[in-house]
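Here the structure is laid out as structure tokens; the discussion comes afterwards.
The values are calculated or read from the model by the stated rules, or taken from the named source; none is laboratory data. Everything numeric in this text was worked out from a predicted model, so none of it was measured. Note: ideal-geometry Cβ built from the backbone for every residue, glycine included; neighbour counts use all protein chains shown. When the accessible area is computed, the model is the full protein with side chains, heavy atoms only, and any ligands, DNA or RNA have been set aside. Shrake-Rupley method; radii C 1.70, N 1.55, O 1.52, S 1.80 Å.
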Amino acid sequence: MLVKDILRDEIIDTIGHSSDVVWLQLNHHADYLLFCDKARELYIFGLGENKCSRLLNICNYVQWVPETNVIIAQSQWTLYIWYSIHNLQHATKFSLKGDLEGVRRSQGHTEVLVCEGSSTVSYELDEALIEVGLSLERSDVDYAFSALEALDMTFETRFMWKQLGDISLKEAKLFYAQCSYACSGDVYRSHYLQKINKAMRAFSDDTVPKQREQCLVQARLQVISKKWKDVETTLLEHGYIEDAMKLYIDAFRFSKAYLEWLMETGQFEDVGKQYVIAGDLKQAIFFLLLGNLPGHAADHAVKLFNESHKGVFMEKIIHILSNRGMTEKLGEVMERLDNYDAAQHAYKEVHSFHRAVQLAQIFSKQDVMKLEEEWGDYLVSQNEMEEAIPHYLESGSFRKYVQAAAAAHQWNKAIQITMQQKTEVIKPIYTTLAREFEKIKQLAKAEKMFINAELPNEAVIMYLKANKLEAAQKVASQFLSLDEADKIFFRQAKDFESSRRFKDAEKLYLELGQHDAAINMYKAQGMFDNVIQLVSQFRKDGLHETLLYLAEELERKGMLRDAEHHYLELENWKHVVKMYTASAMWEDAMRVARSWGDISAVNEVAYAWAIAVKGTREIETLIKLGFLDQAIDHAVSVGAFNDALQMCTEGSVEKLKEVQSKFAKFLECQGRVAEAEDIYIKAGKPVDAIKMYTAKNEWKDAVRVADLFHPSALTDILVSQAHFLAETNELKKAEALFIQAKRPDLIIHTYKTKNLWDDAIRVAQKLMPDALHEIQHEFTCFVQRKSNNVETLDSIMMDGMTAESKQDFQKAIDIYIMMDLKSLPDMEKLRMVWYRAIELAQEHAKNRIPEVVHAVANQLVKAGQYQEAAHLYLEKRHYEEAVEIFVFDGQWEKAREVAERSGQEKLTKYIEKQYTELLLKNGEAGMPVSMGGVHKTLNICSEKEDWDKVHELSISMGPRAQKECSAHHISHCLQNSQILEAISVVKRYGLPHTLEGCDLCHQLASQLLLSYGSGQISSVVIQDFRNFLHTYLQDGRGSISSEMKSVFEDLEAVLIPLTYIVLHSLYLQQGMKEFAAKVSVSLLRFIQSLLPDLAFFYAGVSCKEAGWYDKAFVFFNQYLDIAETIDDKETSIVLDHPTFNSSDIPQVLTIPKGHSINSDKQQEIQDWVIQYSVNRQEDKTSMIRECTNCQSSIFEASLCCPSCKALSKACCVTGYPLDEYGKTECPYCHMPANTSDWKSFLEVFHICPWCNMHMDGSHM
């Protein structure tokens, strides 16, 4: 590039660059040139300086800020701002959400304009830095100095101070130079100038300045500018040789001291630059690395290692560049080191494809095409299609070339390159062009491309999607068979249907003759008018079925009016009536019945209507329609007995007894026997009440009812009770009742059935001697039958053998396994029978083997043969059953052996659990502990709720386990509402500093807050828990994790109202009424955690006792409003008193379901409020204070001003706002308090109200 002054016809400078430049711009002074090349790299060139610097690897936008040397540029989504072109290494960066559009500068404001979506957003630049830069350009030292003094010290301002120092020194304004260097951190240069200024002031006071001093000052100024030749000339011309030598020596010392100072202050960047000037590259590289400038170090390291051997410096630089993400600089280093692969990788990583291609052309030409394609891919990803075209062409990726050209609307290029390709690659390119033409709605061109690509089916689909049916048919008729065209049309119709383009889908279905498909589509979408239209047109024979389907579907969806229309088209009016009746739409049901039915239909609807209606209209309607008896029966059938009884009372007294009887039976079935008895008596059916009690074995109630209403039933009751006792083998009591009921025959029969012949004969001899002979004869027969029992057993065995002979093995097995010691009291014979059953199962009924084995084992267990039963199970590998039998029999070692043999861990756990439970049951809990089963024993004790044992055992496991067991116990207490026990446990054993422990603390605190004022929990208990919670928070504050921090903050918030409740109780005990009133008012800030009626009630009571009647009147009024809201069953209330609107008391309160104050006390408060309002007006200013910040009126106890949101700290003695001009604090916990309140508190209690530390007179 050539820069030429046209007016003077002079060439100013020449710039060489390896890539095409696509954009350039001079600054307003025409001494700096910005340009951007084809690779989108941004450079700045100083005219006359022959120095070119790269600013950005990827530049989307760049511009000079008008009339300044400030540069703004965008690289991807980052905005870069260079406020000084002399400090290009450091730029101010901002993240953007859109594209940079330009810059606007007017009236002292400079804004960058960014397009973010549909709107343009402006970002304001730092105008002060811009103005300082302009003043430095025009060497306006005074303005620059005053402007920089007003700015904060930043990286930009520090560099501008240094630049101002250089300009001031050049302009000989040494005081400004001295101050500027000091502000920039160049202390030595500033100190040197201070000496020069001091010397100049010294000889300026002389009337005749000395020539030597003047020469020395001039020489020192030349030294600081490093003009050594001028220094020599100035001093040697006047013969000051010694001064010249001394000045050189001092300058050397100064340079050395300057370097030492830079090292001490960590300014390694400047140290490195000094060594670069001195030519010591090794030291320069070392300090540049320390100064976090690996890029500069790399530049010098490359020079160094080109001159000498390689060393560890380069490895370190490469490592730092890699870790810092300075990938392009890493690529440059690797390129200088001839490491092609690493350099190539680095360039590609930062998308510096221009340099990557240049490198490949030198070292690896076969990679050029691949890199060009990747370059094109990257540009496409950045939506720069046109720029990607030549790269795809260079890479030979013709399909991507066509896609990019089409996306950039370069159609001629796309088509031209397509025509030049071979046949085997041309089809995909035509397809790509067709897709692009389709996107921009140039369908004719797209059709042509599809045809060229031999894809006529895609052209048809394209036209169908565009709703151009005729064009689709034309293409299909020319290039497709009929079957292919139909498939495409049908598939496209389905696509239209899924995308809800129903008319387009219908059009295609009808074109294909697929009428049913169109009808089903509309059915599925509930578009029933379209369904009927198509059915009437194409499927007239199915119209009736369709109308019925549509009516049912509409009814199911609740569209009853539309369903009625279709039902009536089918003349199915009865279903319409039924439909409206089911939906309780009685007027519509009656309308249809009158229009379509006869009188019976109208009566039926009227009956159903009357049954469903409630209230006084019910009886009137039923009487009017003559359906009262039917309505009563219906009410009884559905269990609406109250309605039935009411209807009987009002219109059908003769059915009252019947309904009452059915109602009583209903109550009896529900177990409501007392109510059932009452209804039975009212219905005149005491017998049914007696039967009810008899059936439930409630004999006293049965006798009571019989004595009162039906004495003749007493005998039957005695007999029933006697039968019940006989069934439970309480035969003596049963005998007494049978005799009392004069039915000895029944007790005799009972004794006979139980084979108690002696008792039967005894009763007969005493009460029924006539039957004695017959009973004795029966006894003789019984004895004979018993003696023949062996024959009976033989017959049973014979039955089993007969079944075997008939090969009915199932029956034989059943007979054998049912035999037991009662039927065959011979164990050896029984074994033979039972094992015969097992043999039969193994041989002839394998599917019954498990069942038979279980049955035989159970019989052995019943017979006490535990070991044999267990071994039977072991033979069949039923280990679990064998273990259960050994455990049951107490054979623990054998059980353990079986469990070990089976390899089932669950059996071992089962045995140990049973063994431990046995030891605990026998009072030997210490044994499992000694065996190492502490946790197991703890779990068992917890399940048994043996908490004393739990805590005893937990002590042996250490403090952590002790607190975890305490948490478990407290959780159990909370679940069972045992608050006092829970607090006792937490006081004695503590809680762990875990989420569970904090949650339990919070639950306990919430319960105590809700108990405030109720008297359920004493103040001593609340004080104990409050002190525990304070200690708990103090102990855990240093060890909690980050996720526990918010939980602890919640607990600290709960600690405050608990402290106020404790203080309130203490103040009342000591008669400190005003303090008690203040604390009760402060508690209202936490009213959402309290019962609101109690909180306002005790605030009013405390203020009344303190003599603050105006305040008591306000709080009592609010309490009465809450009580009225509770009576109205409402759930919330909004505080409406104007005083509370300026407070931090929550304005919306949740109301409890019931009153916390009894009605007598409530009436007393109401009377006092009325009396006080009559005798004295409320003083509206008595509860107001002035906000110290905005002077607005707020509630006196409020800690937050509603107007300005200013916050006040709370006094730890009263909870009231802290007086900033009269406050003190606890020397231990540093909780603040108002001085007067603090002194009054310590005079009585001598402790801190927050941390409970003892205080003596020195702390007042």
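Here are the numbers for the structure shown:
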read-out: Test result for Asp126, in contact with a helix residue (DSSP H, G or I) (Cβ under 9 Å, 6 or more places away or on another chain), among the charged types (D, E, K, R) and within 20 Å of Leu88 (Cβ to Cβ); value: yes
read-out: Subset tally (residues that are in a helix (DSSP H, G or I) and of a type in the set (Val, Ile, Thr)) for the stretch 102-131; value: 1
read-out: Some residue of the stretch 947-960 being in contact with a helix residue (DSSP H, G or I) (Cβ under 6 Å, 6 or more places away or on another chain), of a type in the set (Asp, Glu) and at pLDDT below 80; value: no
read-out: Residue satisfying all of: in the stretch 680-698; in contact with a Ser or Thr (Cβ under 8 Å, 6 or more places away or on another chain) and in a helix (DSSP H, G or I); farthest from Thr649 (Cα to Cα) among these; value: Thr694
read-out: First in the stretch 1010-1023 and within 23 Å of Thr1150 (Cα to Cα), second anywhere and assigned to a helix (DSSP H, G or I) and polar (S, T, N, Q), Cβ under 8 Å, 6 or more apart; value: Leu1010/Ser1089
read-out: Residue in the stretch 111-120 that is modelled with pLDDT of 85 or more, touching a Gly at 6+ places or on another chain (Cβ under 7 Å), farther than 27 Å from Ser352 by Cα and among the hydrophobic types (A, V, I, L, M, F, W, C) present; value: yes
read-out: Tabulated pairs, the stretch 657-674, first closer than 14 Å to Ala689 by Cβ, second basic (Lys, Arg) and part of a helix (DSSP H, G or I), C-beta under 8 angstrom, 6+ apart or interchain; value: Gln660/Lys682
read-out: Val659 modelled with pLDDT of 70 or more, open to solvent by 80 Å² or more (accessible area, probe 1.4 Å) and of a type in the set (A, V, I, L, M); value: no
read-out: Elements of type helices (runs of 4 or more DSSP H) in the stretch 376-477, at least 2 residues being closer than 29 Å to Trp77 by Cα, open to solvent by 30 Å² or more (accessible area, probe 1.4 Å) and at pLDDT 75 or above; value: none
read-out: Matching residues, the stretch 24-57, being part of a loop (DSSP other than H, G, I, E, B), under 18 Å from Trp375 (Cβ atoms) and open to solvent by less than 60 Å² (accessible area, probe 1.4 Å); value: Ala39, Arg40, Glu41, Asn57
read-out: Selected residue (only one of Met832, Met819 is open to solvent by 50 Å² or more (accessible area, probe 1.4 Å), under 27 Å from Lys876 (Cβ atoms) and at pLDDT 70 or above); value: Met832
read-out: Where Lys913 falls short, out of the listed (1) open to solvent by 60 Å² or more (accessible area, probe 1.4 Å); (2) at pLDDT below 80; (3) within 30 Å of Gly800 (Cβ to Cβ); value: (3)
read-out: Any hit, the stretch 707-720, residues being of a type in the set (D, E, K, R), over 30 Å from Ala760 (Cβ atoms) and open to solvent by 30 Å² or more (accessible area, probe 1.4 Å); value: yes
read-out: For Gly1015: the one exception among (1) closer than 20 Å to Phe1086 by Cβ; (2) surrounded by 13 or more Cβ atoms within 10 Å (Cβ to Cβ); (3) not aromatic (Phe, Trp, Tyr); value: (2)
read-out: So Lys1153, is it on the phi > 0 side of the Ramachandran plot, modelled with pLDDT under 85 and exposed (fewer than 11 other Cβ atoms within 10 Å of the Cβ); value: no
read-out: Contacts under 7 angstrom Cβ, first residue in the stretch 685-702 being surrounded by fewer than 17 Cβ atoms within 10 Å (Cβ to Cβ), partner modelled with pLDDT of 85 or more and outside any loop (DSSP other than H, G, I, E, B), 6 or more apart; value: Asn697/Phe724
read-out: Evaluation of Ala764 against (1) under 30 Å from His871 (Cβ atoms); (2) surrounded by 15 or more Cβ atoms within 10 Å (Cβ to Cβ); (3) at pLDDT 80 or above (one fails), failing number; value: (1)
read-out: Listing of strands (runs of 3 or more DSSP E) fully contained in the stretch 58-101 that carry 1 or more residues being open to solvent by 50 Å² or more (accessible area, probe 1.4 Å), touching a Ser or Thr at 6+ places or on another chain (Cβ under 7 Å) and over 15 Å from Leu34 (Cα atoms); value: 92-95
read-out: Pick from the stretch 155-175, criterion open to solvent by 60 Å² or more (accessible area, probe 1.4 Å) and at negative phi, ranking: nearest to the chain's Cα centre (by Cα); value: Phe155
read-out: Glu675 being buried (at least 19 other Cβ atoms within 10 Å of the Cβ) and assigned to a helix (DSSP H, G or I); value: no
read-out: Output for the stretch 10-23, where each listed residue is outside any strand (DSSP E or B) and closer than 17 Å to Asn50 by Cα; value: Ile15, Gly16, His17, Ser18
read-out: Pick from the stretch 537-574, criterion open to solvent by 40 Å² or more (accessible area, probe 1.4 Å), over 16 Å from Asn520 (Cβ atoms) and over 51 Å from the mean Cα position of the chain (by Cα), ranking: modelled with the lowest pLDDT; value: Lys540
